[in-house]
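Undergrad: The structure that follows is given in the form of structure tokens.
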Amino acid sequence: MQTYNIFSLARNALTGHQNWQKAWRSPPLKDQYDVVVIGAGGHGLSTAYYLAKEFGITNVAVLDRGWLGGGNIARNTLTIRSNYMRDESIPFYVKSVAMYEGLTKELNFNMMHSKRTMVDVVQTYPKMRELRRRQLTMDIYGSTYEQISTEELRRRIPALTGGGPDARLPVIGGMVHTDAGVNRHDAVAWGYARGADALGVEIHQQTAVKSILRGTDGAIQGVETNRGTVRAKKVVVAVSGHTTTLTETAGLKLPLRTMNLTAFVSEPVKPLVDVIVNCPDSGFYFSQSDKGEMVIGGAPDMGQSFRRDIKQHVFEDTVTAMLSLFPAFKKLKLMRQWGGHLDIAHDASPIMSKTDVGGLFVTAGWWGGYKAIPAGGLTLAHLVAKDQPHPLMASFTLGRFKHLDFVLESGTTTAR
Amino acid sequence: MMLIHCPFCGKRSESEFIYGGPVGADRPNPDAVSDAQWVEYLTVTPNPLGPVQEKWWHARGCGEWLTIWRDTRTHDIVEAPENAQ
Amino acid sequence: MSYNIHIQRQEISALFDLKGPSEALQEWAGKHLPVFPSHPNSKTIKDEMELSFIGRNHWILRAPLSQEQSLAGRLMPESCPSDISIVRISDTLTFFGISGPDAPEVMAIACPLDLHASVFLEGMITYSEVFGIKALVSHYDGGFEFAVEQSFGDMIVDYLNRAIT
Ligand SMILES: Cc1cc2nc3c(=O)[nH]c(=O)nc-3n(C[C@H](O)[C@H](O)[C@H](O)COP(=O)(O)OP(=O)(O)OC[C@H]3O[C@@H](n4cnc5c(N)ncnc54)[C@H](O)[C@@H]3O)c2cc1C
Ligand SMILES: [Zn+2]
């Protein structure tokens, strides 16, 4: 793998950038691998990378029906944080945030990581109590949360001019999560793809899996794709949103529903807000991108959905909520809007697990799963390689449903 | 915005309704099914790429509960599929 | 732009919430009430009393406040049979009258109903929303009237003022 550094940049500048190597190969599709990973999103690519890097399993193919990094990873709002509620969740996300912070070095790819803090704008006492309770649990696991006054909140976010004492929901204080940050989603997908490829993993784009194949003993045999049959004794489903569509082809039912989550961006403006602002009582959050756009997300549409756009009333509700706290944003022109479809289990925690089908693994239920890509990949690779759950994810297997031992996670969504 | 047909009021704006979740399987007799079947009843709902049946409550309307079939790919309210009960 | 409308916050009315099968309600109190309206979201009127059919097995009776005591005496909410319920709710709703040439424009800002006179006929009454809040909306003498939970009254005044200026 050619390394990216100041010297390679200078050398290639001199030759007009004609001689850069391809970041990953496009080898012919073989008919057999040790492991097939379905889905070249964040979770599929990081799983493949750590399978090769940490566990020496390199005869791996990652298959994607579109192009790599073109799924939800390209549609998310990049919030990386560990302010979760449950003992099971917090250590996992603390690990993932730490891995993200080291990822530029790990992958020799600039993640443009910006550890810029998330600030919650709190407008109700129940929410304040819930977040303070989270703070106490987070303290145990080394994540940061700190309460600040309304005055301090307004000092840190000068654009927050609404929510005064006469408002229906006056601002009553804030919480500060200094571990939080944003980075660049393309870099994450491309960095893992390049890293995995260099270790021998093959990435096959435009390769749609139509069904999962089981042998006469019921165990996994491989997958049927638009480019023919690919055999493997281990198959990982990492298709975010389409999990049940695929697992049903293997006769496996999973406790997941697919829902639509959306975002939109404004025109670029001068630097105005230097933290990630989250307003859980009003139901929206935003951060300002390096280009200057406000990247805004709201609450999900409640019904099941496989659409990739935004519903008008979700858009209107989000804008209304935002203007109540940031009235000056009324002047912002909104440029683009989009949605993704994500699956979610009803306890809002992820599923990383073996299944009743021998050799079939799933990583799913990733509602806010961008932040989880490094730790999700590492721990799933552990499970696939060793057949034993990694301690950080042992609570997230399908076993919890068998025993009705849910990990109800109120920290999953930013807004609300 | 969807227009949802309320049996009492007729077609009304989606904003008057509250989503009440998907229609799941009928509740089995817990004494007559295995633990696995019971857990499946509790946790698994249909998640089709296509028509799904769901409950809606005309909460900011007449108060009626109703069910519709809605296509998850388009959000169009559709006829019940042939094989639906 | 500003709109040519007249907004009037109404005096409190006598209100009774009636629930249960219409036969049972009629048997208990029919002789004191207007005929039961048969069409959903319609109303009947008798002696300044309005009876509105606003949900399945659900009616609202409205009358001038001066009749409240005598109506309560005749409807006897406390002793009605268990398959019906009659509750005095006079204090819970605040009514607004919206009239004038631009009344439909302003109502269209506030409410998602199709308010065209050919659809929302004169005399119709239904629960819907006004500025996102559950409201009992009716088409009245060329104008509109709506009622919201009384604690939202001041907020609605504020919304209306913002909508028309
Ligand atoms: C609007 C929005 C905002 C979000 N904001 C945040 C946030 O701020 N922070 C956060 O942590 N998370 C956020 N998320 C969630 C996050 O994007 C997802 O949880 C995460 O990206 C899912 O994992 P992934 O990257 O592996 O999924 P994807 O990128 O969707 O990868 C799945 C891949 O599988 C492929 N695929 C599907 N079916 C098949 C098939 N049959 N055969 C082959 N390939 C297939 C797809 O083409 C896709 O490339 C947000 C999501 C959305 C939509
Ligand atoms: Zn209705």
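Undergrad: Which listed residue (A:TYR141, A:GLN206, A:VAL319) has the Cα farthest towards the positive end of the charge dipole for the protein assembly as shown, taking +1 on Lys and Arg C-beta and -1 on Asp and Glu C-beta about the Cα centre?
TA: Toward the positive end, the furthest listed residue is A:GLN206.
Undergrad: Here's something else I'd like to know. Once you've got the Cα coordinates, tell me which of A:LYS234/A:LYS354; A:LYS270/A:LYS333; A:LYS354/A:LYS386; A:LYS127/A:LYS371 are over 18 Å apart.
TA: From A:LYS234/A:LYS354; A:LYS270/A:LYS333; A:LYS354/A:LYS386; A:LYS127/A:LYS371, over 18 Å: A:LYS127/A:LYS371.
Undergrad: In segment C:2-68, what GluC sites (Glu not before Pro) fall in a loop by DSSP, with at most 13 other Cβ atoms inside 10 Å?
TA: Values: sites: C:GLU11, C:GLU23, C:GLU27, C:GLU48, C:GLU50, C:GLU68; in loops: C:GLU11, C:GLU48.
When the GluC sites (Glu not before Pro) of segment C:2-68 are filtered for loop state and at most 13 Cβ neighbours within 10 Å, C:GLU11, C:GLU48 remain.
Undergrad: Let me ask another. Just checking the output field for B:58-68: average partner chain Cβ neighbours within 10 Å of each residue's Cβ?
TA: On the way: counts 3, 3, 9, 9, 10, 7, 4, 0, 0, 0, 1.
Neighbouring Cβ atoms belonging to other protein chains average 4 per residue here.
Undergrad: With a Förster radius of 51 Å, plug the Cβ-Cβ distance of C:SER82 and A:ARG308 into 1/(1 + (r/R0)^6) and report the FRET value to the nearest 0.05.
TA: Calculated transfer efficiency: 0.45.
Undergrad: Here's a follow-up. Which aspartates and glutamates have a Cα lying under 20 Å from the Cα of C:LYS43, excluding residues fewer than 8 positions away in the same chain?
TA: Qualifying aspartates and glutamates at Cα under 20 Å: B:GLU64, C:ASP17, C:GLU23, C:GLU27, C:GLU68, C:ASP114, C:GLU122, C:GLU129, C:ASP141, C:GLU145.
Undergrad: Could you give the dipole magnitude of segment C:14-88 about its Cα centre, charging the beta-carbon of Lys and Arg +1 and that of Asp and Glu -1, in debye to the nearest 20?
TA: 140
Undergrad: Determine the principal axes of the Cα atoms in chain A, then give the extent along each, sorted from largest to smallest and rounded to whole angstroms.
TA: Principal-axis extents of the Cα atoms in chain A, largest first: 68, 63, 41 Å.
Undergrad: Bin by bin, in steps of 10 Å, what percent of the Cα pairs in segment A:309-397 do you find, going until the bin that has the longest distance?
TA: Whole-percent P(r) values from 0 Å outward: 14, 33, 21, 18, 12, 2.
Undergrad: Put one equal scatterer on each alpha carbon of segment C:79-165, apply the Debye formula with no solvent term, and list log10 I(q)/I(0) at q = 0.14, 0.17, 0.18 1/Å to two decimals.
TA: -0.51, -0.70, -0.77
Undergrad: Turning to a different aspect of this structure: Taking every pair of distinct Cα atoms and averaging 1/r, then inverting, what Kirkwood hydrodynamic radius in Å comes out for segment C:1-55?
TA: 13.4
Undergrad: Can I ask one more? Go through segment A:302-394 and name the trypsin sites (Lys or Arg not before Pro) that are in a DSSP coil and have 16 or fewer other Cβ atoms within 10 Å of their Cβ.
TA: Numbers: sites: A:ARG307, A:ARG308, A:LYS311, A:LYS330, A:LYS331, A:LYS333, A:ARG336, A:LYS354, A:LYS371, A:LYS386; in loops: A:ARG307, A:ARG308, A:LYS311, A:LYS333, A:LYS371.
Qualifying residues, ordered by number: A:ARG308, A:LYS333.
Undergrad: I would also like to ask the following. Partner chain Cβ atoms within 10 Å, averaged over the residues of A:314-321 - can you pull that number for me?
TA: Taking all residues of A:314-321 together, the mean is 1.
Undergrad: I'd like the orientation of helix A:125-140 relative to chain A: the angle between its Cα long axis and the longest Cα principal axis, in ° from 0 to 90, rounded to 10.
TA: Tilt relative to chain A: about 50 degrees.
Undergrad: Counting only other chains, and only Cβ atoms inside 10 Å, what mean value do you get across the residues of A:294-302? If you can, show how the numbers build up before the last one.
TA: Details: counts 0, 0, 0, 0, 0, 0, 0, 2, 5.
Taking all residues of A:294-302 together, the mean is 1.
Undergrad: How large is the dipole of segment C:35-134 about the Cα centre if only Lys and Arg carry +1 and Asp and Glu carry -1, each at its Cβ, rounded to the nearest 20 debye?
TA: Using only the charged Cβ atoms, the result is roughly 280 debye.
Undergrad: Something else now. Can you compute 3J(HN,Hα) from phi for each residue in segment A:75-92, using the Karplus curve 6.51 cos²θ - 1.76 cosθ + 1.60 with θ = phi - 60°, rounded to whole Hz and x for Gly and Pro?
TA: 10, 8, 9, 6, 6, 10, 7, 9, 7, 9, 9, 9, 4, 6, 7, 4, x, 4
Undergrad: While we're looking at this one, here's another question. Work from the charge dipole of the protein assembly as shown (Cβ charges, +1 for Lys and Arg, -1 for Asp and Glu, about the Cα centre) and give the residue of A:GLN304, A:ALA180, A:ALA52 farthest towards its positive end.
TA: Farthest towards the positive end: A:ALA52.
Undergrad: Anything over 28 Å Cα to Cα? Flag those among B:LYS55/C:LYS46; A:LYS95/A:LYS253; A:LYS311/B:LYS11, in the order listed.
TA: B:LYS55/C:LYS46; A:LYS95/A:LYS253
Undergrad: Which value, in debye to the nearest 20, describes the size of the charge dipole of chain B about its Cα centre when Lys and Arg Cβ atoms bear +1, Asp and Glu Cβ atoms bear -1, and nothing else is charged?
TA: I would put it at about 360 debye.
Undergrad: Among C:PHE53, C:ASN41, C:ILE86, whose Cα lies farthest out toward the positive end of the dipole of segment C:14-88, if unit charges sit on the beta carbon of Lys, Arg (+1) and Asp, Glu (-1)?
TA: About the Cα centre, the residue reaching furthest to the positive side is C:ASN41.
Undergrad: If each of A:ARG227 and C:GLN69 carries a label point 7 Å out from its Cα toward its Cβ, how far apart are those two points in nm?
TA: Spacing of the two 7 Å Cα→Cβ label points: 8.8 nm.
Undergrad: Just checking the protein assembly as shown: which Cys have no other cysteine's beta-carbon under 4.7 Å?
TA: A:CYS279, B:CYS62, C:CYS80, C:CYS111 - these cysteines have no disulfide-compatible partner (Cβ-Cβ under 4.7 Å) in the protein assembly as shown.
Values quoted throughout were computed directly from the atomic coordinates according to the rules given, and no laboratory measurement underlies them. What you see is a predicted model, and the numbers here were worked out from it, not measured in a lab. FYI the Cβ positions are ideal-geometry reconstructions off the backbone, even for glycines, and counts take in every protein chain you see.
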